[in-house]
Amino acid sequence: MFHFVEHKADLAVELEAKDKAELFKTALEALIELIIEKPEDFENTTDLSENLRISSHTISIAASGFDDEERLISLMNEFLYLCQVKGFRPLYINNIKFDDKGNVMADLSGFSVDSDIKLIREIKAATYHDVKIESGEVWRVKVVLDV
Amino acid sequence: MKKETRMPEAKLEQIAPYRWRLSQDFQPGMNVPGEIIASESMIPHILSDNTPKQVANVATLPGIVGASLAMPDIHWGYGFPIGGVAAFDLDEGIISPGGVGYDINCGVSLLRSNLTSREIRSDIPKLVDALFNRVPCGVGSEGKIKLSGNDLTRVLEKGARWVVEQGLADKDDLEFIEENGGMTDSDPSLVSDRARERARKQLGTLGSGNHFLEIQVVEKIFQPEIAEAFGLYKGQVVVMIHSGSRGLGHQVCDESLKVMQGAARKYQLDLVDRQLACAPFKSPEGQDYFSVMKCAANYAWANRLAMSGLVRQTFAEYYGKPWQSLGMSMVWDVCHNIASVEEFAIDSSSHKRKLCVHRKGATRAFGPGDSSLPERYRNVGQPVLIPGDMGRASYVLAGTETAYKTTFGSTCHGAGRVMSRKAAVRATQKGNIARKLAERGIIVRSRGKWTLNEEIPEAYKDVEDVVAAVHGAGISQKVARLKPMGTVKG
């Protein structure tokens, strides 16, 4: 679950999940919501959604860091690089994995830049501002984005 | 007479007109006090924005000298506040990518002309369309200049000079750009492949967000003598460009912040906010960041000068005359996101020290007599370009000796947002912004779906209030007010 918190110049996203992997997945889903213009009726049409899933292709991204906060911010920025520089237009986050070397990997399904799926907003970066992951029954974090 | 304003979390003491002190005991670990330049009416808003806390956070960084400063356009930012100025001792102090920001050398340039608003008012819609079509803008926009690897290296080394060497601008322009359009000792070999990749197709592009290109008219002159030195007069048409280092700067900052997370641990720097991540100025990490930051700054100067060339071409084609005969020379180019080594005397001492001055959303404002200024401006101080919003006004100010003594030669950088982007969109969804502005005589073209809604004038502080505060504090003085006639947004 995520929701956006407005700041005057920038934007923050508050994330909540049942575990760490879901927290990281939710962070990327929040970015999709912010920067990708999905096809009309995407949310309401199961058939369309399924068709898109079948015709999409998958890309994996990875990030490392000293701690979970650094890994999260690095993964989000890796995701932004993939979308804003490499032109990938992800619609789904399929899988989040962690290895024992402190790396996090995410599998994304989506489309190439020449599809009808557009980038509607530029986000400069996910920032480290006051970032602190709370763990427990519910995992929470707030990430400030530089827009 | 001293006044005090108490809020739940911050106490500001007025120490002079428009100058407010945040006591060093406001927060544990502050090495210096904070100081905010603002009018009394701005203070409640500043306090409600939690920015004094960010001013205090910056004051905890090692080697900070004088005070952690904030300009009147201060608003909440990640890590350092937007509108923040902080100077650090070169031996004891740090350098921080968060103190510069993601858009390294975001800044403003201003071209004058010998056209008047009366002459060209009816041309504005076509001119704005022509500029909109010629100057690439919008999310991820790419330009017509495709840089080879070697060319990009030269841009990162030479900055605006490279643009002149390609015949895209005039060599005389360089004299009227801060640092002559290029910081020395940049090392392009430290710029990552990713940063280079982002840079290769974006030279000469405006970008999105609050960046703009605007045809303006000089509406009012406040200081005729200084305006004359700047080549400005009432009724004159000028063109302002607001942009920065594009994706290159974002990439450099992002990568450097990650390096600095490790550096802060390595040098045992106790940070109150990870976005303040930094390294000792003279450490390898500090020097590497300073070098790549210079590369990005040089790219930004080249970017704005390349766009100046596109503006000149557009006007020249439209009027069928060379741009030189339209008088479209450079007034000045300022950056407002930068770290720079400069010399200042601290605490009324006559002894000058070299300091690493961070300006994040703040503009250099050197006064009369500064040897780094071109001869034309040396007796009056440097031009300071303050972009406002697309509905009201922008300003040309002049730097002062007071700025040199009190704010490390710095002043404000713009109007500063008072409304979030989303709130601005909500407030305007039923209105046609372009039509409303056209009814006020301002022609606007925008690439982005929501850009005009996000950038409505009401989303910003009135630049009049911000400029009145810096003028009142004496850290710059009003020279000319510029009114928008036509605006291109990303």
Filtered residues of the stretch B:411-442 (kept if crowded, with 20+ Cβ neighbours inside 10 Å and not in a loop (DSSP other than H, G, I, E, B)) = B:411, B:417, B:421, B:424, B:433, B:437
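Please find, within the stretch B:335-356, the residue that is nearest to residue B:98 (Cα to Cα) out of those that are β-branched (Val, Ile, Thr) and either over 23 Å from the mean Cα position of the chain (by Cα) or surrounded by fewer than 24 Cβ atoms within 10 Å (Cβ to Cβ) (or both).
B:341
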Please verify whether the stretch B:78-95 includes one or more residues that are out of contact with any Leu (no Cβ under 9 Å at 6 or more places or on another chain), aromatic (Phe, Trp, Tyr), at pLDDT below 95 and not in a helix (DSSP H, G or I).
-> no
Give the stretch B:110-164 a look and list any residue that's among the polar types (S, T, N, Q) and either outside any helix (DSSP H, G or I) or within 19 Å of residue B:206 (Cβ to Cβ) (or both), or say none.
-> B:113, B:114, B:116, B:133, B:141, B:148
When restricted to B:359, B:392, B:364, the only residue out of contact with any strand residue (DSSP E or B) (no Cβ under 6 Å at 6 or more places or on another chain), surrounded by 21 or more Cβ atoms within 10 Å (Cβ to Cβ) and basic (Lys, Arg) is B:364
Taking residue B:252 as the residue in question, decide whether it is within 22 Å of residue B:195 (Cβ to Cβ), within 14 Å of another protein chain (Cβ to nearest Cβ), surrounded by 21 or more Cβ atoms within 10 Å (Cβ to Cβ) and of a type in the set (Val, Ile, Thr).
-> yes
Number of positions in the stretch B:345-368 that are modelled with pLDDT under 95 and not β-branched (Val, Ile, Thr) = 8
For the stretch B:267-289, enumerate the residues that are more than 24 Å from residue B:300 (Cα to Cα) and within 11 Å of chain A (Cβ to nearest Cβ).
-> B:271, B:272, B:273, B:274
Filter the stretch B:453-465 down to the residues that are part of a helix (DSSP H, G or I) and more than 14 Å from every other protein chain (Cβ to nearest Cβ), then identify the one that is nearest to residue A:37 (Cα to Cα).
-> B:457
Kindly indicate the residue of the stretch B:376-433 that is under 20 Å from the mean Cα position of the chain (by Cα), within 14 Å of chain A (Cβ to nearest Cβ) and basic (Lys, Arg) and also nearest to residue B:335 (Cα to Cα) among those meeting that condition.
-> B:417
Report the residue count in the stretch A:1-27 for those that are in contact with a helix residue (DSSP H, G or I) (Cβ under 8 Å, 6 or more places away or on another chain), closer than 26 Å to residue B:423 by Cβ, surrounded by fewer than 21 Cβ atoms within 10 Å (Cβ to Cβ) and away from chain B (no Cβ under 14 Å).
-> 3
Could you please let me know if residue A:89 is touching a Cys at 6+ places or on another chain (Cβ under 8 Å), under 30 Å from residue B:137 (Cα atoms) and within 14 Å of chain B (Cβ to nearest Cβ)?
-> yes
Give the residue, chosen from A:91, A:52, A:34, A:48, that is within 15 Å of the chain's Cα centre (by Cα), of a type in the set (A, V, I, L, M, F, W, C), modelled with pLDDT under 90 and surrounded by fewer than 21 Cβ atoms within 10 Å (Cβ to Cβ).
-> A:91
In the stretch B:231-247, is there at least one residue being over 25 Å from residue B:416 (Cβ atoms), more than 14 Å from chain A (Cβ to nearest Cβ) and not in a loop (DSSP other than H, G, I, E, B)?
-> yes
Residue B:203 being aliphatic (A, V, I, L, M) and either within 14 Å of chain A (Cβ to nearest Cβ) or part of a loop (DSSP other than H, G, I, E, B) (or both) | yes
Does the stretch B:15-26 hold any residues that are in contact with a strand residue (DSSP E or B) (Cβ under 9 Å, 6 or more places away or on another chain) and within 25 Å of residue B:271 (Cβ to Cβ), and which are they?
-> B:21, B:22, B:23, B:24, B:26
Candidate set: the stretch A:110-147, residues that are of a type in the set (Phe, Trp, Tyr) and away from chain B (no Cβ under 14 Å); chosen: the one farthest from residue B:276 (Cα to Cα) = A:111
Could you pull out the residue among A:122, A:134, A:78 that is at negative phi, over 12 Å from the mean Cα position of the chain (by Cα) and modelled with pLDDT of 95 or more?
-> A:134
Flag for residue B:125 being within 14 Å of chain A (Cβ to nearest Cβ), farther than 30 Å from residue A:128 by Cα and more than 19 Å from the chain's Cα centre (by Cα) | no
In the stretch B:209-229, what residues are buried (at least 24 other Cβ atoms within 10 Å of the Cβ), away from chain A (no Cβ under 14 Å) and of a type outside the set (A, V, I, L, M)?
-> B:212, B:214, B:216
Failed item, numbered, when residue B:448 is tested on (1) of a type outside the set (S, T, N, Q); (2) within 13 Å of chain A (Cβ to nearest Cβ); (3) out of contact with any Gly (no Cβ under 9 Å at 6 or more places or on another chain) | (3)
Within the stretch B:273-303, which residues are surrounded by fewer than 20 Cβ atoms within 10 Å (Cβ to Cβ), outside any helix (DSSP H, G or I) and in contact (Cβ under 8 Å) with a residue 40 or more places away in the chain?
-> B:282
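Quick grid of which residues meet (1) touching a residue at least 40 places away in the same chain (Cβ under 8 Å); (2) touching a Cys at 6+ places or on another chain (Cβ under 9 Å); (3) more than 14 Å from chain A (Cβ to nearest Cβ):
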| residue | (1), (2), (3) |
| --- | --- |
| B:43 | no, no, yes |
| B:62 | yes, yes, yes |
| B:69 | yes, no, yes |
| B:73 | yes, yes, no |
| B:76 | no, no, no |
Of the residues in the stretch A:128-145, those that are under 19 Å from residue A:32 (Cβ atoms) and buried (at least 22 other Cβ atoms within 10 Å of the Cβ) number 4
Scan A:100, A:107 and give me the residue that is away from chain B (no Cβ under 14 Å), within 12 Å of the chain's Cα centre (by Cα) and surrounded by fewer than 22 Cβ atoms within 10 Å (Cβ to Cβ).
-> A:107
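Return yes or no: is residue B:105 surrounded by fewer than 20 Cβ atoms within 10 Å (Cβ to Cβ), outside any helix (DSSP H, G or I) and not aromatic (Phe, Trp, Tyr)? Quick ask: steps written out before the conclusion?
On the way: surrounded by fewer than 20 Cβ atoms within 10 Å (Cβ to Cβ): no; outside any helix (DSSP H, G or I): yes; not aromatic (Phe, Trp, Tyr): yes.
Criteria not met by residue B:105.
The values are calculated or read from the model by the stated rules, or taken from the named source; none is laboratory data. None of these values were measured; they are calculated from a predicted model. So basically every Cβ, Gly included, is an ideal-geometry build from the backbone, and we count neighbours across all protein chains shown.
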